[in-house]
Amino acid sequence: MDSVADGKDYTYTLEDHAQRHKDTHFDAPLLNAIVARFKPTSLIDLGCGTGWYCEAAAKAGVKTVLGVEKTPDIGKLAVFAPITVWDLSTPLWPLPSHFDVALCLEVAQYTSPERASFVVQNCCRAGRRVVFSAAPPGQPQPHFGAANAQLKPYWIEQFSAAGYAEDSGASAALRSAARLPHLQVNVMVFQPNA
């Protein structure tokens, strides 16, 4: 039986890990609101974990869906394929660009401040519209410490430098649709400057 140590005094199975990830990270009402509001035909999830958002987007009728995850052995846990293994904080974007929507939810806080601009640039390369969230200082982290927990103005400035601006109306609508408390606060939508 495969198992994963979670840093506490017990071990749990890969199946337990996958369910725990879904319960703490996947927000079906948020995904439904994204699909209803933007009607994407293509979606990429950057930092997709096991692929819950990808699976739900495909079931909702999004024709082209791709997951990207840094974890090398994510295939053991994945609920969706294809998932491309790649580190979002590297400067070279190796994947197709300009999906209708790029998701990057609660990932960027785990990258170093020196690499934050790469994460944002890759989000902008990936999607015509970016649905983004990152933990602010003080938000509990389920996995390991956040190296770059920042307030929203920091991320807005990073996206501005990449040529994208926040769509505050879309951000507010998605936050109000979200079920998970951290996404009710952290979600922002970015699109290219007019």
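Those strands (runs of 3 or more DSSP E) of region 118-194 in which 2 or more residues are over 24 Å from Asn32 (Cα atoms) are absent. Of the residues Ala108, Ala134, the single one that is surrounded by 24 or more Cβ atoms within 10 Å (Cβ to Cβ), modelled with pLDDT under 90 and closer than 22 Å to Met188 by Cα is Ala108.
State whether one or more residues within region 172-194 are free of Cβ contacts under 8 Å to residues at least 12 places away in the same chain, under 17 Å from Tyr53 (Cβ atoms) and of a type outside the set (Ser, Thr, Tyr). Looking through region 172-194, at least one residue is free of Cβ contacts under 8 Å to residues at least 12 places away in the same chain, under 17 Å from Tyr53 (Cβ atoms) and of a type outside the set (Ser, Thr, Tyr). Each residue in region 84-105 was checked for being crowded, with 23+ Cβ neighbours inside 10 Å and under 18 Å from Val187 (Cα atoms), and 5 pass. With the requirement that a residue be within 15 Å of Thr41 (Cα to Cα) and either without any contact (Cβ under 8 Å) to a residue 24 or more places away in the chain or not in a loop (DSSP other than H, G, I, E, B) (or both), what does region 68-103 give you? Listed by number, the residues that qualify are Phe99, Asp100, Val101, Ala102, Leu103. The condition of being surrounded by fewer than 16 Cβ atoms within 10 Å (Cβ to Cβ), more than 12 Å from the chain's Cα centre (by Cα), more than 20 Å from Ala178 (Cβ to Cβ) and modelled with pLDDT under 95 holds for only one of Lys8, Lys63, that being Lys8.
The single condition from (1) open to solvent by less than 30 Å² (accessible area, probe 1.4 Å); (2) closer than 20 Å to Val187 by Cα; (3) not basic (Lys, Arg) that Ser117 fails is (1). Any residue in region 34-48 that is open to solvent by less than 50 Å² (accessible area, probe 1.4 Å), out of contact with any strand residue (DSSP E or B) (no Cβ under 9 Å at 6 or more places or on another chain) and either of a type outside the set (Ser, Thr, Tyr) or at pLDDT 90 or above (or both)? Within region 34-48, none of the residues are open to solvent by less than 50 Å² (accessible area, probe 1.4 Å), out of contact with any strand residue (DSSP E or B) (no Cβ under 9 Å at 6 or more places or on another chain) and either of a type outside the set (Ser, Thr, Tyr) or at pLDDT 90 or above (or both).
The values are calculated or read from the model by the stated rules, or taken from the named source; none is laboratory data. All values derive from a computational prediction rather than experimental measurement. Ideal geometry is used to build each Cβ from the backbone, glycine not excepted, and the neighbour counts take in all protein chains shown. Ligands, DNA and RNA are excluded from the accessible area calculation, which covers all protein heavy atoms including side chains. Shrake-Rupley method; radii C 1.70, N 1.55, O 1.52, S 1.80 Å.
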